[in-house]
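See structure below.
FYI, it's all coordinate maths here, none of it is from the lab. Because the structure is predicted, anything quoted here is derived from the model rather than measured. No Cβ is skipped: glycine too gets one built from the backbone with ideal geometry, and neighbour counts run over all protein chains shown.
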Amino acid sequence: MSEPTQPTFDVRGAVDLSALTRPQSPPPGEEGGAPAAGGYVVDVTDETFGQLVQDSAQYPVVVLLWIPTDQANAQLGTDLGALADEYAGRFLLARVDAQAYPQITAAFQVQGVPTVVAILQGQPVPLFQGAAPVEQVRAVLDQVLQAAEANGVTGRAPAQGADGEPERPAEPAAEPEPELPPLHQEAYDAIERDDLDAAVAAYEKAIKQDPRDALAVAGLAQVRLLQRTRDADLATVRAAAAAAPQDVDAQLAIADLDLLGGHVDDALDRLLDLLPGADADGKEKLRVRLLDYFEVVGPTDPRVGKARQRLAISLY
């Protein structure tokens, strides 16, 4: 994910967490207080905070850290709640009682309340502290939505029930997973106990029994990748690769770490770019490693199809 664009907005007058001498308001849901959770507003707890962060990969989350019974906080909560309903799920308003959940408050490094922070793809984006006119708040929210769209966060938040929990459709009962073939199970168990050599042996045996066992071939490629990178130090490997850009072994080592870290394009391009200038021994090393990578990534991945074409052109 690219770094989210951060809207800028500076409102003075945040309420210090230790100073509770301002005029008080009834609790949310009571007459004169902020509205109760519901619609596109949810009250967050320590238990639900983790799921909230995960959900921010699907739709923007705007977090209000507040003291619900403080009058200024309650007013901002009311305004934000009205805007959340107006935007109809383009973002979810998540309210955190700063006194009841100090760990969440500390995670955002809050100095005063009310504080408003957006979360996009798990990344916090500070917005503003203190009270503000509705139109200024609306402008900030529009900037958040623009940043969300730029980063591919375009889903809509689900409507919340009266208890503040998402109204999710009932999920069908999960079907039991099919049993693995004995050698596959043996390899899986070996990986679970961190015995990679035993996992390799099990997969090799499975392939010997059935050379067309695609799952065993892919599993063997994955375990071999884990073996090669098990004791590798990223900084050391990267420095060696930078110092010797034409050294096949050095480039294979850093490509392994790139692939393990999810940088598939970087790993494939690194080896394919090296192929034309490599000697016969180097070309064979690169070819074998690329075929392993194709199995790890998956033959149906479009990146693999493009890389296969480049490999064929370079070799023939």
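If I take R0 = 51 Å and measure r between the Cβ atoms of Gln146 and Tyr188 in this structure, what FRET efficiency does the formula 1/(1 + (r/R0)^6) give, to the nearest 0.05?
Here the calculated transfer efficiency is 0.65.
How far is helix 302-315 tilted, in degrees, relative to the longest principal axis of the Cα atoms in the chain, given as a value from 0 to 90 rounded to the nearest 10?
Helix 302-315 sits roughly 30 degrees off the main axis of the chain.
Taking 8 Å as the Cα distance limit and 6 or more residues as the minimum spacing, I'd like the relative contact order of the chain as a percentage.
On the way: 466 pairs, mean separation 50.8, N = 316.
Relative contact order for the chain comes out at 16 percent.
Please list, or write none, the lysines whose alpha carbon is within less than 25 Å of the alpha carbon of Lys205, excluding same-chain residues fewer than 8 places away.
Cα-Cα hits under 25 Å: Lys285.
Of all DSSP beta bridges in the range 39-149, what percent run antiparallel (nearest 5)?
Once the DSSP bridges in the range 39-149 are tallied, antiparallel ones form about 55 percent.
Could you tell me what percent of the DSSP beta bridges with both partners in the chain are antiparallel, to the nearest 5?
Once the DSSP bridges in the chain are tallied, antiparallel ones form about 65 percent.
Which value in Å is the Kirkwood Rh of the chain over different Cα pairs?
Radius from the Kirkwood sum: 23.6 Å.
Between Glu204 and Leu226, what FRET efficiency follows from the Cβ-Cβ distance if R0 is 22 Å, with the result rounded to 0.05?
0.90
Pull out the extension gain between Gln109 and Ala244, defined as 0.36 nm times the separation in residues minus the alpha carbon to alpha carbon distance; nm, one decimal.
The Gln109-Ala244 span can extend by a further 44.2 nm.
Show me, for the range 265-281, the HN-Hα J-couplings you get by feeding each phi into the Karplus relation (A = 6.51, B = -1.76, C = 1.60, θ = phi - 60°), rounded to Hz, glycine and proline as x.
4, 4, 5, 5, 5, 4, 6, 5, 5, 7, 4, x, x, 7, 6, 4, 5
Which residues does the label zone of Arg303 cover in the range 236-271, counting backbone N under 16 Å from a point 7 Å along Cα→Cβ?
254-271
Which angle between 0 and 90 degrees, to the nearest 10, do you get for helix 196-209 versus the longest principal axis of the chain when only C-alpha atoms count?
The angle comes out at about 60 degrees.
Which percent of Cα pairs goes in each bin when the distances of the range 39-149 are cut into 10 angstrom slices starting at zero?
15, 54, 30, 1
Enter the angle in degrees (range 0 to 90, nearest 10) between the Cα long axis of helix 71-87 and the first principal axis of the Cα atoms of the chain, meaning the one along which they spread out most.
Relative to the chain, helix 71-87 is tipped by roughly 60 degrees.
Kindly provide the helix-only [θ] at 222 nm of the chain, computed as the sum of -39,500 (n - 2.57) over DSSP H runs of four or more divided by all residues, to the nearest 500 deg cm²/dmol?
About -16000 deg cm²/dmol.
Where Rh is the Kirkwood radius over the Cα pairs of the range 180-313, the temperature 25 °C and the viscosity 0.890 mPa s, what D in µm²/s does Stokes-Einstein return?
For the chosen part, D equals 158 µm²/s.
Please list, by residue number, every one of the trypsin sites (Lys or Arg not before Pro) in the range 211-316 that is coil in DSSP and has at most 14 other beta-carbon atoms within 10 Å.
Working: sites: Arg212, Arg224, Arg228, Arg230, Arg238, Arg270, Lys283, Lys285, Arg287, Arg289, Arg303, Lys306, Arg308, Arg310; in loops: Arg212, Arg230.
Taking the range 211-316 and a limit of 14 other Cβ atoms within 10 Å, the loop trypsin sites (Lys or Arg not before Pro) found are Arg212, Arg230.
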